[in-house]
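Let me begin by presenting the structure, written as structure tokens, before commenting on it.
The values are calculated or read from the model by the stated rules, or taken from the named source; none is laboratory data. None of these values were measured; they are calculated from a predicted model. Methodologically, a virtual Cβ is constructed for each residue, glycine included, from the backbone with ideal geometry; neighbour enumeration extends over all protein chains shown.
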Amino acid sequence: MQSILISCGHLWKDSGAISEGIREVDINWVQTIACLSYLNTIPFSDSYEFSFLVPEGFEQDLKYGAYLDNYKLYEHSRIPRMLTITDRVNAANRSNSILIELHNNIFSDPEVGGSEAIIFSKKNKYREDSEANKLSVSILNKLSSVERSRGVKELYSRDQRNYVVPRERRPAILYKTLNTAVIVETGFISNLQYRKRINNFAYNTFIGTLIGQGIVNYIKNYNVQIA
């Protein structure tokens, strides 16, 4: 059974970024559920296990919990507190899962917009395309039908043999997760046009579905085998 772990950025009591009353966590949530809904319908669902990373007690939350009945919850992640970075990394490493975490961005310039993915490095130790880069490109290719792609951002350049992002801006899940790890930033909630679009539940659902389609295309194109 191949394992892919889906994580919703800033889940539950952590709102994430806030812009004009829009909370990042609420957008992440709808997009994550839509992504999982799509993944659970694909023909090879019996060969791939898509799990949702949530803290213990989350399913009793009136705002979010009712949506969880149809999804497999990752049992080792049922932690009686908010999920820390360490919790997310440990959950992925225990199951040797690919980890995909969904976020939305914010910036001081409201004109800045678009989707991007963040990974550890675009190349593996053999100087070939890393699996994280392949997965990211596949997801961004699908998102580019509705949101401009800002491309894949890496923390470490194997060509330069050096980090290209300051230490304080390096998400730990990207360099502590043993298997492939990707952070998807679907858009900028600080961008007025994007904020208008994501106020629509159907649009958010569509975004999540596109991410799911990108994951499926990656699996099909590269015949991914995960422990």
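For the reader, a short list of remarks on this structure follows.
- Some residue of the range 49-64 being at pLDDT 85 or above, under 30 Å from PHE107 (Cα atoms), among the hydrophobic types (A, V, I, L, M, F, W, C) and under 14 Å from the mean Cα position of the chain (by Cα): no
- Only one of the numbered conditions (1) out of contact with any strand residue (DSSP E or B) (no Cβ under 6 Å at 6 or more places or on another chain); (2) farther than 20 Å from GLY212 by Cα; (3) of a type in the set (S, T, N, Q) is violated by ASN141, and that is (2).
- Total residues in the range 110-148, condition free of Cβ contacts under 8 Å to residues at least 40 places away in the same chain, closer than 30 Å to LEU192 by Cβ and out of contact with any Gly (no Cβ under 8 Å at 6 or more places or on another chain): 2
- Close Cβ contacts (under 6 Å, 6 or more residues apart or on different chains) running from residues in the range 84-98 that are surrounded by fewer than 16 Cβ atoms within 10 Å (Cβ to Cβ) to residues that are small (Gly, Ala, Ser) comprise ILE85/ALA172; ASN96/ALA227.
- Yes/no for LEU178 being outside any loop (DSSP other than H, G, I, E, B), in contact with a helix residue (DSSP H, G or I) (Cβ under 8 Å, 6 or more places away or on another chain), more than 16 Å from ASN28 (Cβ to Cβ) and hydrophobic (A, V, I, L, M, F, W, C): no
- Of the residues in the range 157-164, not one is in contact (Cβ under 8 Å) with a residue 12 or more places away in the chain and among the β-branched types (Val, Ile, Thr).
- Count - residues of the range 9-29 that are within 21 Å of PHE206 (Cα to Cα) and modelled with pLDDT of 80 or more: 10
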